[in-house]
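Okay, so here's the structure we're looking at.
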Amino acid sequence: GPPRGLRWTCGPEFARSHEHFASMSAMVTAGGRVFYIIDEGLTASVALLPRWKLIARDAHSGVLLWKRPIELWEGHLRDFRSGPSDLARRLVAVGDRVYVTLGYGEPISVLDGVTGEVLKCYEDTAHTQEFAYDAGVLYVAVGEPFGEKTSRDNEVRLLAVEAATGKTLWTKQI
């Protein structure tokens, strides 16, 4: 049923800004764990550089399990609610696996949900914009839909990737 109370909280106590890009970018849960991408940059000034992290916590106790830095995520000085809506669709958790792009232009990496160790990387998914998981298959939108019209950067492909092996099942130009 719906939540009936709050079991635990964790930092940061305050977000970096209420007028710029949100500090919390994505959050999912699976296997008794919570995974989220957050900017842990200093709150003294929003102008300071962001410190994006992928963090795993025990969903029942809030105990920190692991953290991984994300070098390039999103510009933190964007206006509030102006960020790309697809950012939240670059993090998926299924059982003991976490599927995530560890930065802009990066391919999808598979992490062990318990340790945070990178188990594999699907190189064909570089420049992933968003993805979804269903029945062992990742459906991935790859490309730059808003690239320069004179370049190939505005091409977008839809891929079906077998999650267990990384094998591309099919691809379609869209």
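The values are calculated or read from the model by the stated rules, or taken from the named source; none is laboratory data. Bear in mind that the values here come from a model prediction, so they are computed numbers and not experimental data. Reconstructed Cβ throughout: ideal geometry from the backbone, glycine too, with neighbour counts over all protein chains shown. Keep in mind that these areas ignore ligands, DNA and RNA; they rest on the heavy atoms of the full protein, side chains included. Shrake-Rupley method; radii C 1.70, N 1.55, O 1.52, S 1.80 Å.
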Residue 48 versus (1) assigned to a strand (DSSP E or B); (2) exposed (fewer than 15 other Cβ atoms within 10 Å of the Cβ): which is the lone unmet condition?
-> (1)
Which residue pairs have Cβ atoms under 7 Å apart, sit 6 or more places apart or on different chains, and have a first residue in region 102-130 that is under 13 Å from residue 157 (Cβ atoms) and β-branched (Val, Ile, Thr) and a second that is open to solvent by less than 60 Å² (accessible area, probe 1.4 Å) and assigned to a loop (DSSP other than H, G, I, E, B)?
-> 125/107; 128/90; 128/107
Taking residue 140 as meeting all but one of (1) at pLDDT 95 or above; (2) open to solvent by 20 Å² or more (accessible area, probe 1.4 Å), write down the number of the exception.
-> (2)
The residue from 99, 122 that alone is at pLDDT 95 or above, open to solvent by less than 40 Å² (accessible area, probe 1.4 Å) and farther than 22 Å from residue 59 by Cα is 122
Would you be able to say whether some residue in region 24-41 is touching a residue at least 60 places away in the same chain (Cβ under 8 Å) and part of a loop (DSSP other than H, G, I, E, B)?
-> yes
Please enumerate the residues belonging to region 57-73 that are in contact with a Ser or Thr (Cβ under 7 Å, 6 or more places away or on another chain) and at pLDDT below 90.
-> 73
Counting only residues that are in a strand (DSSP E or B) and among the β-branched types (Val, Ile, Thr), which one in region 110-140 is nearest to residue 28 (Cα to Cα)?
-> 110
Going through region 1-35 one residue at a time, which ones are closer than 23 Å to residue 118 by Cβ and surrounded by 17 or more Cβ atoms within 10 Å (Cβ to Cβ)?
-> 25, 26, 28, 33, 34, 35
